């Protein structure tokens, strides 16, 4: 695998990788892909009017850039892809990340702030309800992402991953996951987040995916996103 060299990793990572490979089922992935295409198409058709309204509001609130944003993320086996979102930050947001790095409120390589100055007024509302992620259903249709799976990290985050943490890249990244539906998810240590992802990968089933998807709208309505 390009993202890990099995013969060069430590014993803990090698053993876990073998367990993940052992629990890979072809029939599950075929059903998952069919379900992804069907459900993503349905959601996009239903939410198109709302997505048009969101696009207009973003441009009215901050006309310095368009309503959409694409960002390089790391997917299955370390393959990079463009992830789509509604723009929730000012146009120069990526350039400010280094200046704000000392104010990071998450441990590990992930960056998050409760009062991130890069976020626009409309962006704050969209993030609270996770509406900025509606565009990722297009990623699901393309096959870059799936409905349920570990969230896709940024390349700069993966640079700081240990080999063990890279195991979360073993599968296609998802729009929602176990971490996403967890209470106070932004307070969860990164090490625990990784273990949650690996537990999902090792024990993934169609029924478990359905349960995570059913819980996701409830989490969105609780407005705990950042």
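Quick note: the coordinates plus some simple rules give every number you see, no bench work behind them. Bear in mind the structure is a predicted one, so any value in this text is a computation, not a measurement. Cβ coordinates were reconstructed from backbone atoms using ideal geometry, including for glycine residues, and neighbour counts include every protein chain displayed.
Residue separation of residue 191 and residue 56 scaled by 0.36 nm, minus their Cα-Cα distance, works out to 44.7 nm of gained length. Spin-label model, residue 156/residue 5: points 7 Å from Cα along the beta carbon direction are separated by 2.8 nm. Counting neighbouring beta carbons within 10 Å and listing from fewest to most, the residues 74, 59 come out as 59, 74. Each helix, a run of at least 4 DSSP H residues, gives -39500 (n - 2.57); summed and divided by the residues of the chain, these come to -14500 deg cm²/dmol at 222 nm.
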